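Down below is the structure, laid out as structure tokens.
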Amino acid sequence: MAQDSVDLSCDYQFWMQKLSVWDQASTLETQQDTCLHLAQFQEFLRKMYEALKEMDSNTIIERFPTIGQLLAKACWNPFILAYDESQKILIWCLCCLINKEPQNSGQSKLNSWIQGVLSHILSALRFDKEVALFTQGLGYAPIDYYPGLLKNMVLSLASELRENHLNGFNTQRRMAPERVASLSRVCVPLITLPDVDPLVEALLICHGREPQEILQPEFFEAVNEAILLKKISLPMSAVVCLWLRHLPSLEKAMLRLFEKLISSERNCLRRIECFIKDSSLPQAACHPAIFRVVDEMFRCALLETDGAPEIIATIQVFTQCFVEALEKESKQLRFALKTYFPYTSPSLAMVLLQDPQDIPRGHWLQTLKHISELLREAVEDQTHGSRGGAFESWFLFIHFGRWAEMVAEQLLMSAAEPPAALLWLLAFYYGPRDGRQQRAQTMVQVKAVLGHLLAMSRSSSLSAQDLQTVAGQDTDTDPRAPAQQLIRHLLLNFLLWAPGGHTIAWDVITLMAHTAEITHEIIGFLDQTLYRWNRLGIESPRSEKLARELLKELRTQV
């Protein structure tokens with residue numbers, strides 16, 4: 001508390017000096033400085049109010065003798081009054097100074113002064129006497145006239161900016177760049193006013209012919225913050241223009257999404273999907289330039305976390321939302337696939353982009369084989385000239401991970417010899433860093449496990465220990481190895497689909513989940529499986545019920 005008091009006193013002196021400078025000069029520089037500090041000053045006012053409301057009037061004056069000067073300077077600054085909630089907080093602070101039972105003339109004078117300041121705030125948007133008489137003569141009260149005037153001014157400026165955008169190189173009819181820059185500066189404290197939305201939108205969409213950006217950085221920052229906090233709602237075209245013209249705003253939107261994902265419940269794809277859709281990023285990513293920035297940030301997160309399953313799952317959910325937005329925007333791609341995925345084969349991207357629901361189930365196996373062939377060529381033969389090698393091909397593949405997740409189910413539900421193409425696809429998905437020889441060993445290992453699982457599915461009785469032994473999960477092998485993770489997921493798929501798997505599912509998972517890391521991995525797998533079934537319209541009531549029961553039980557234990 002003592003430290004808070006010291007900090008508030010330091011802040012008080014800083015803002016007192018700032019307000020004095022702003023009050024003494026009205027140059028362009030002081031206006032810019034005011035706009036840059038509006039958010040910080042509002043935060044200071046909030047802290048000040050929190051302190052003032054705990055004191056009586058006399059204590060406030062004793063603690064802050066110049067509080068009246070500070071609040072008065074703020075109340076006569078139009079930028080501060082117009083910014084967000086500053087006007088409301090100033091009123092709260094002034095009310096704290098009122099002495100409910102004045103004991104002397106000094107306290108009475110203070111009350112009268114406060115009432116005068118409050119009257120000024122509440123009628124801040126006022127014109128001279130002649131204008132007031134004129135509007136009253138027309139039958140308009142100030143309360144009706146001023147909002148209407150503001151609205152008309154905004155619409156007029158927005159219309160002028162749109163014409164400016166259409167006029168192109170017709171310099172005689174174009175608005176001067178200096179005026180456009182000035183408008184963006186003036187808008188900063190007004191961003192959250194609903195009537196100003198058309199002007200904000202027009203400024204974002206209006207592209208000048210100047211070599212450098214003419215809109216003020218603080219304008220972009222204020223608009224972006226208001227969008228992220230849901231204080232304003234702009235058309236997607238304006239949001240796209242904002243993020244294209246000001247890269248820091250797009251990066252901040254992505255970082256804000258990451259913050260939400262980190263602070264939310266782990267392994268809950270439905271919630272992740274809600275956060276992603278609410279961010280407007282998938283819709284904006286229909287523009288390749290925005291998609292590339294977003295995808296690059298996902299790539300960095302993936303590399304920083306060494307391929308964390310949660311990041312992979314988030315990339316997959318984002319890609320699904322992006323593809324849906326792409327289809328909703330236009331049935332035909334406005335941009336070539338190469339502009340979204342420049343480092344991989346366009347034919348591979350086109351196949352992966354297909355929705356499994358649009359392909360008859362009888363053809364899923366054929367499509368998976370085709371995906372495997374294209375990937376193998378890109379990774380091992382390099383016939384498609386993939387510049388990024390194995391990692392770029394894998395990075396593209398995980399965007400559409402639902403295809404990889406379908407492989408295990410196809411292998412377990414077929415009594416035929418496991419196709420080498422599908423075994424390779426699984427080995428590559430789980431071990432992208434493995435060399436050709438190591439990947440071949442994984443394929444042999446997985447094929448053997450599949451053979452044992454197929455034989456066990458015909459058995460009249462299953463035991464959890466036998467299943468663990470067959471899968472090699474009771475050995476000293478590193479459980480974090482890609483091959484071991486792959487086999488665990490095969491085992492979980494077997495438990496969900498095999499008729500006898502339901503009876504021993506919990507026992508197997510108890511033996512399997514001997515570390516917190518593996519428990520989270522299993523939770524993530526079950527959540528992804530349910531999410532994918534729902535997406536693909538796969539109906540298996542018994543398997544779905546088991547997955548939900550296991551998921552619920554595991555979540556209570558972590």
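The values are calculated or read from the model by the stated rules, or taken from the named source; none is laboratory data. None of these values were measured; they are calculated from a predicted model. Heads up, the Cβs are rebuilt from the backbone with ideal geometry, glycines too, and the neighbour counts pull from every protein chain shown. In case anyone asks, the SASA skips ligands and DNA or RNA and just uses the protein heavy atoms, side chains included. Shrake-Rupley method; radii C 1.70, N 1.55, O 1.52, S 1.80 Å.
Per-structure values
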quantity	calculated
Per-residue HN-Hα couplings for the stretch 182-196 [Karplus 6.51, -1.76, 1.60; θ = phi - 60°; Hz; x = Gly/Pro]	5, 4, 5, 5, 5, 6, 3, x, 9, 3, 8, 6, x, 5, 8
Extension reserve of the Ser414-Trp506 stretch, reckoned as 0.36 nm per residue once the Cα distance is removed	30.7 nm
Estimated FRET transfer efficiency when R0 is 25 angstrom, pair Ser347-Arg535 (beta carbons, to 0.05)	0.55
Chain lengthening between Asp355 and Ala455 when straightened (0.36 nm per residue, less Cα-Cα)	32.7 nm
Relative packing of peptides 265-273, 184-192, 13-21, 433-441 - highest average C-beta neighbours within 10 Å first	184-192, 265-273, 13-21, 433-441
Ranked packing of 287-294, 356-363, most packed first, by mean Cβ within 10 Å	287-294, 356-363
Solvent-accessible area of Asp278 with every protein chain in place, 1.4 Å probe, in Å² to the nearest 10	70 Å²
Largest-first ordering by accessible area, 1.4 Å probe, given options His502, His207	His207, His502
Relative contact order (%) - criterion: Cα under 8 Å, at least six apart; region: the stretch 483-558	32 percent
Dipole-positive endmost among Leu337, Ile312, Cys300 within the stretch 295-345 (Cβ charges, Cα centre)	Leu337
Nearest 10 degrees, 0 to 90: helix 142-167 Cα axis against the chain principal axis	60 degrees
Protein accessible area in the stretch 227-333, 1.4 Å probe - carbon and sulfur %	57 percent
Between helix 501-512 and the chain: long-axis angle, C-alpha atoms, 0 to 90°, nearest 10	70 degrees
Contour excess over end-to-end distance, with Cα ends at Arg46 and Thr339 and 0.36 nm allotted per residue	100.8 nm
Accessible surface, per residue, of the chain when the full set of protein chains is kept, probe 1.4 Å, Å²	50 Å²
Trypsin sites (Lys or Arg not before Pro) restricted to DSSP loop in the stretch 295-347 with at most 14 other C-beta within 10 Å	Lys331, Arg334
Largest to smallest accessible area among Glu62, Glu296, Glu417, Glu373 [probe 1.4 Å]	Glu62, Glu417, Glu373, Glu296
Asp195 paired with Gln438, simple spin-label distance in nm, labels 7 Å along Cα-to-beta-carbon	6.6 nm
Sorted peptide list for 506-518, 393-405, criterion being average Cβ within 10 angstrom, highest first	393-405, 506-518
Table column - 3J(HN,Hα) (Hz), the stretch 289-305, Karplus curve with 6.51, -1.76, 1.60, x for Gly and Pro	4, 6, 4, 5, 5, 4, 5, 5, 5, 5, 4, 4, 4, 5, 5, 5, 9
Solvent exposure, largest accessible area first (probe 1.4 Å, DNA, RNA and ligands not counted), of Ser264, Ser182	Ser182, Ser264
In sequence order, calculated HN-Hα J values of the stretch 229-236 (Karplus, 6.51, -1.76, 1.60; Hz; x Gly/Pro)	8, 6, 8, 9, 10, 10, x, 4
Whole-number percent relative contact order across the chain, with pairs defined as alpha carbons under 8 Å at least 6 apart	8 percent
Unit charges on C-beta of K, R, D, E only; dipole of the chain, Debye	920 debye
Arg480-Ser26 pseudo-label distance in nm [points 7 Å out on the Cα-to-Cβ vector]	6.5 nm
Nitroxide proxy distance, nm - points 7 Å out along Cα→Cβ at Lys552 and Asp33	6.3 nm
Nearest 10 degrees, 0 to 90: helix 28-52 Cα axis against the chain principal axis	80 degrees
Modelled FRET efficiency - R0 45 Å, Gln212 with Cys95, Cβ distances, 0.05 increments	0.45
Structure-derived volume of the Cα convex hull per residue in Å³ - corresponding label in [x] 228; [y] 146; [z] 167	[x]
